[in-house]
Amino acid sequence: MAAHPGQGSVASCGMSLLRRVARRVLRRHRSVPAATPAAAPAAWAGSAVSPWAVVAPRTAAPNACLVCRWEGEYTDGWHAEFATCPQCGSVARDRFLLWCYISRNPEQLGVRLLETSPRMGEAYRTAMGRWFDYLCSDYDLSAHKGVVQLDLQAIARPDASFDVILTPHVLEHVPDTGAALREIYRVLAPGGRMYLQVPLLQGHTAPPTTPEFHGDNTPVFWRFGFDLVDHLRAVGFQTSLLCTAEWLHTVRSGATDWPTRCSQEFDVASMLAAARVDDLVAVADDAAAARFGFLPAYMHLTWECVKPLA
Ligand SMILES: [Zn+2]
């Protein structure tokens, strides 16, 4: 692959184009204030309870954060890149990724967990290190700071090195999707699982029609659609697409568009036309989606990819 700085970076989006565009749209249409930066995050990270510990049901506070257990009300709008937790800085998609993992597995503290290019910073990583044998990586340590530098197309780790891999908004920055998925499959232990998030903005996979960059000029090679599942299965994964109950209901209903105005960067009509209903598994009912901010439903989709035991 090309070697000049920035090319082929698998750094994830950070303050991505998606996030910047979404923020502009939200501000223009809804007068939404800027997200509140995280405050004193280390305080919660040092005593973080197991992510499998039950989050209290709704009381006076409508929203809660399953990362740091903050309770309050998200005030910066409903979007995968917003609903920002004022305590730990998680946005909706950060929480949905962790929720997908914990809701699909019994408590498994201490497992070997690799996270590629985590968006969240030191406090989150401290908490993850309390819960898991945690390693975070990045391709070039520029847009994101990992502990180790890994190229997903040639992962410098032995076979079966990890039990769980979380990979949020990274695969779209990798030129060779198949090579990355084969490598991820190789370094997962049998029975291991990857939870995979990419920006799903359209029904079918295609390269960007114009040059697209996230973070610090990290190029986007692919705008994925639901046919990404074919790549996942081709390397051997057993997969489901985890979603909220609202998305499953909407796809099953045969709806051809979203009932309310969609965020402009998402082609939801295309997504609904290409969605594969048999792949869907709802992991959050309406109450959980509202509590944790998994709204709107079309922005909260995560592939669960299981490496078979044999
Ligand atoms: Zn939080």
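The values are calculated or read from the model by the stated rules, or taken from the named source; none is laboratory data. Remember, predicted model here, so these are calculated numbers, not experimental data. We place every Cβ from the backbone using ideal geometry, glycine too, and count neighbours over all the protein chains shown.
For the range 175-223, what are the residues that are under 18 Å from Glu115 (Cα atoms) and in contact with a strand residue (DSSP E or B) (Cβ under 7 Å, 6 or more places away or on another chain)?
The answer is Glu183, Ile184, Val187, Leu188, Ala189, Gly192, Arg193, Met194, Tyr195, Leu196, Gln197.
Among (1) over 16 Å from Trp131 (Cβ atoms); (2) of a type outside the set (Gly, Ala, Ser); (3) within 12 Å of the ligand (Cβ to nearest atom), where does Glu81 come up short?
The failed condition is (3).
Go through (1) part of a strand (DSSP E or B); (2) of a type in the set (Val, Ile, Thr); (3) surrounded by 24 or more Cβ atoms within 10 Å (Cβ to Cβ) and name the single condition Thr239 misses.
Of (1) part of a strand (DSSP E or B); (2) of a type in the set (Val, Ile, Thr); (3) surrounded by 24 or more Cβ atoms within 10 Å (Cβ to Cβ), only one is false for Thr239: (3).
For Ser263, work out the one condition from (1) surrounded by fewer than 18 Cβ atoms within 10 Å (Cβ to Cβ); (2) in a loop (DSSP other than H, G, I, E, B) it doesn't fulfil.
So Ser263 meets the others, but not (1).
When residues of the range 81-118 are filtered for being closer than 24 Å to Val306 by Cβ and in a loop (DSSP other than H, G, I, E, B), how many remain? Give the steps one after another, and end with the answer.
We begin by selecting, within the range 81-118, every residue closer than 24 Å to Val306 by Cβ; these are 93-118.
With the extra rule that they be in a loop (DSSP other than H, G, I, E, B), the set shrinks to 104-111, 117-118.
Adding up the residues that qualify gives 10.
Considering the range 77-97 alone, what residues qualify as being of a type in the set (Lys, Arg) and more than 15 Å from Val55 (Cβ to Cβ)?
Keep residues of the range 77-97 that are of a type in the set (Lys, Arg), which gives 93, 95.
Answer for the range 77-97, where residues must be of a type in the set (Lys, Arg) and more than 15 Å from Val55 (Cβ to Cβ): just Arg93.
Of all residues being small (Gly, Ala, Ser) and surrounded by fewer than 24 Cβ atoms within 10 Å (Cβ to Cβ) in the range 84-107, which is nearest to the ligand (Cβ to nearest atom)? Just the residue, please.
So the first thing to find is which residues in the range 84-107 are small (Gly, Ala, Ser), and the list is 89-90, 92, 103.
Next cut, surrounded by fewer than 24 Cβ atoms within 10 Å (Cβ to Cβ) only: 89, 103.
Working: Gly89: 7, Ser103: 17 Å.
Per the criteria, the residue is Gly89.
Do we find a residue being of a type outside the set (A, V, I, L, M), at pLDDT 70 or above and either surrounded by 23 or more Cβ atoms within 10 Å (Cβ to Cβ) or more than 22 Å from Thr244 (Cα to Cα) (or both) anywhere in the range 35-45?
Initially, the range 35-45 is screened for residues of a type outside the set (A, V, I, L, M), giving 36-37, 41, 44.
Right, trim to at pLDDT 70 or above and you get 44.
Remaining after also requiring either surrounded by 23 or more Cβ atoms within 10 Å (Cβ to Cβ) or more than 22 Å from Thr244 (Cα to Cα) (or both): 44.
Yes, the conditions are met somewhere in the range 35-45.
On the basis of being in contact (Cβ under 8 Å) with a residue 12 or more places away in the chain, within 12 Å of the ligand (Cβ to nearest atom) and either among the hydroxyl-bearing types (Ser, Thr, Tyr) or surrounded by fewer than 18 Cβ atoms within 10 Å (Cβ to Cβ) (or both), does Tyr124 make the cut?
Numbers: in contact (Cβ under 8 Å) with a residue 12 or more places away in the chain: yes; within 12 Å of the ligand (Cβ to nearest atom): yes; either among the hydroxyl-bearing types (Ser, Thr, Tyr) or surrounded by fewer than 18 Cβ atoms within 10 Å (Cβ to Cβ) (or both): yes.
When the stated conditions are applied, Tyr124 passes them.
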